[in-house]
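The values are calculated or read from the model by the stated rules, or taken from the named source; none is laboratory data. Just so we're clear, the structure is a prediction, and the values are computed from it rather than from any experiment. Note that we place each Cβ from the backbone using ideal geometry, even for glycine, and neighbour counts take in every protein chain shown. Side chains included, ligands, DNA and RNA excluded: accessible areas come from the protein's heavy atoms. Shrake-Rupley method; radii C 1.70, N 1.55, O 1.52, S 1.80 Å.
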Amino acid sequence: MRTLEAIPPAGADAVAGVYVHLPFCPYICPYCDFAKWAWDAARAARYLDALHAELRAAPAVRARTLFFGGGTPTTYRPEQIGGLVAAVRERFALPADAEITVEANPDPPLVAKLRGLREGGVNRLSIGVQSFVADELHVLGRRHTAADVEAVVRGAREAGFANLSLDLIFGAPGQSEASWAASLDAAIALGVEHLSCYGLTIEAGTPYATWFARDPAAFAGESLEAELYARAIARLREAGFEHYEISNWAKPGFRSQHNAGYWRNDPYLGLGVGAASYRAGVRATHTRELAAYCDAALAGVPIPGESEQLEGAARAGEAIMLALRTSEGVDTMAFRERYGINVRERYRGVIDDLVAAGVLETAGGALRLTERGRFVANDVCGAFLAD
Ligand code: SF4
């Protein structure tokens with residue numbers, strides 16, 4: 001597998017990655033704010049037709065990676081996902097060894113689909129585990145068990161997957177330092193190549209938001225969240241993972257190439273309901289209305305949605321914010337070549353304040369979060385957007 005560092009930025013006629021949104025789930029989790037719907041065979045079939053129609057009409061750019069997110073993409077049959085892989089390969093000239101990721105829910109039905117997914121060209125799975133602790137899975141509304149996750153990882157290896165990622169959530173109601181450590185240890189013991197650990201966020205309009213409004217004490221406070229994050233950093237370092245992005249850890253050579261394109265601020269193309277694209281400085285987001293998306297895609301007319309042109313300071317601030325998420329930070333020389341902005345001069349006041357606060361460091365030609373800065377990353381990154 002090529003390392004991330006060996007991949008140059010996307011050229012003008014290329015996008016770093018193609019994202020395909022498959023929005024159906026076997027059930028709906030109470031904290032989730034993604035564009036998703038409970039599985040419905042008729043709607044899912046129409047949606048697949050709409051996706052293929054959008055694909056056929058999409059600009060024929062070259063792409064390097066493909067990512068199926070959701071929703072739970074694996075609610076579709078492997079041959080349906082394989083059909084999309086083939087269509088994307090043809091339309092966007094994916095390299096033969098391109099990273100092709102599918103998000104998967106580790107429910108028992110997944111095991112029977114793994115071989116078909118691998119044969120369909122998928123070479124990386126991002127598995128939504130969230131926790132290995134039964135009480136936490138229950139409160140998160142997840143229906144799988146720790147044993148189901150083990151069966152999926154074993155089945156994935158047997159099917160030929162050499163690149164597996166698990167998602168974990170910290171800050172779940174009822175979670176303790178000990179139970180979080182147990183989940184981390186269980187994930188490490190499975191020998192996966194990549195882990196994403198996200199702090200639980202309360203999204204407006206979800207059942208969790210209602211619960212939080214009623215009983216905020218049921219949720220982890222800031223200090224417990226910080227302790228859980230610190231434990232992840234320490235434990236995963238011991239286990240040989242690189243902490244290469246605020247929420248992501250990888251064994252050497254297994255960083256997510258698709259997500260790296262986002263953090264480099266490279267162009268990308270999103271297909272499907274609610275999907276976002278970024279090309280030529282324009283960020284466009286498709287409607288989150290399922291019927292409106294399908295109607296437009298099938299009729300061959302532009303998908304409704306929103307777009308904004310990012311220019312000047314907004315574009316530079318966004319690029320800095322994304323790069324600061326990574327362990328390499330902002331390469332100030334490369335930034336100057338690409339955006340024509342001397343970061344150290346343009347943001348001198350912000351940088352001086354953040355360095356004095358111990359959350360940002362300047363090393364060689366780079367600008368990086370310190371270990372402490374990773375705990376307040378949103379505030380640090382936000383300072384560049386606000387300036
Ligand atoms: S499975 Fe994932 S996308 Fe579906 S409702 Fe749960 S968290 Fe949301």
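Results, tabulated for the structure shown:
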{"item": "For the chain: accessible area per residue (Å², 1.4 Å)", "result": "43 Å²"}
{"item": "Accessible-area order (highest first, 1.4 angstrom probe) of the listed residues Ile246, Ile188", "result": "Ile188, Ile246"}
{"item": "Phi to ³J(HN,Hα) by Karplus 6.51 cos²θ - 1.76 cosθ + 1.60 over the stretch 105-111, Hz, x for Gly, Pro", "result": "9, x, 7, x, x, 5, 4"}
{"item": "Ratio of Rg to Rh over the stretch 36-76 (Cα coordinates, Kirkwood Rh, two decimals)", "result": "1.02"}
{"item": "14 Å beta-carbon shell around Ala178, net charge (K/R +1, D/E -1)", "result": "-3"}
{"item": "Solvent accessible area, Å² - Met321, 1.4 Å probe, full protein context", "result": "50 Å²"}
{"item": "Vicinal HN-Hα couplings computed from phi for the stretch 137-150 (Karplus, 6.51 cos²θ - 1.76 cosθ + 1.60; Hz; Gly/Pro x)", "result": "4, 4, 5, 7, x, 8, 9, 8, 10, 4, 5, 4, 4, 4"}
{"item": "Reciprocal of mean inverse Cα separation for the chain (Kirkwood radius, Å)", "result": "21.8 Å"}
{"item": "Ser256, Ser327, Ser307, ranked by accessible area, largest first (probe 1.4 Å)", "result": "Ser307, Ser327, Ser256"}
{"item": "Whole-Hz ³J(HN,Hα) from phi, Karplus 6.51 cos²θ - 1.76 cosθ + 1.60, for the stretch 36-46, glycine and proline x", "result": "8, 9, 5, 3, 8, 4, 5, 5, 5, 5, 5"}
{"item": "More than 18 angstrom apart: percent of Cα pairs within the stretch 192-337", "result": "71 percent"}
{"item": "Carbon plus sulfur fraction of accessible area for the chain, probe 1.4 Å, in percent", "result": "53 percent"}
{"item": "Value in Å of the Kirkwood radius, where the stretch 53-103 supplies the Cα pairs that are averaged", "result": "11.5 Å"}
{"item": "Euclidean distance between Cα centres, the stretch 266-326 to the stretch 343-387, Å", "result": "27 Å"}
{"item": "Peptide ranges 266-275, 111-120 listed from the most packed, as the mean C-beta count within 10 angstrom indicates", "result": "266-275, 111-120"}
{"item": "Computed Rg/Rh of the stretch 279-340, alpha carbon atoms with Kirkwood Rh", "result": "1.18"}
{"item": "The stretch 55-193: proportion of alpha-carbon pairs further apart than 26 angstrom, %", "result": "28 percent"}
{"item": "Bins of 5 Å from zero: percent of alpha-carbon pairs in the stretch 131-195", "result": "3, 17, 29, 24, 16, 7, 3, 0"}
{"item": "Principal axes of the stretch 95-136: Cα extent on each, largest first, Å", "result": "43, 19, 9"}
{"item": "Percentage, to the nearest whole number, of Cα pairs in the stretch 307-387 over 22 Å apart", "result": "15 percent"}
{"item": "Within the chain, helix-based [θ] at 222 nm, where runs of 4 or more DSSP H residues each add -39,500 (n - 2.57), nearest 500", "result": "-12000 deg cm²/dmol"}
{"item": "Rg/Rh for the stretch 130-254, where both radii come from Cα atoms and Rh is the Kirkwood radius", "result": "0.98"}
{"item": "Cut-off 14 Å between beta-carbons: net charge of the residues surrounding Leu48, Lys and Arg +1, Asp and Glu -1", "result": "0"}
{"item": "Built amide H within the under 5 Å cut-off of Leu168, gap 5+", "result": "Gln130, Ser196, Cys197, Tyr198"}
{"item": "Amide proton proximity set for Val20, modelled H, under 5 Å, gap of 5+", "result": "Phe67, Phe68, Gly69, Leu271"}
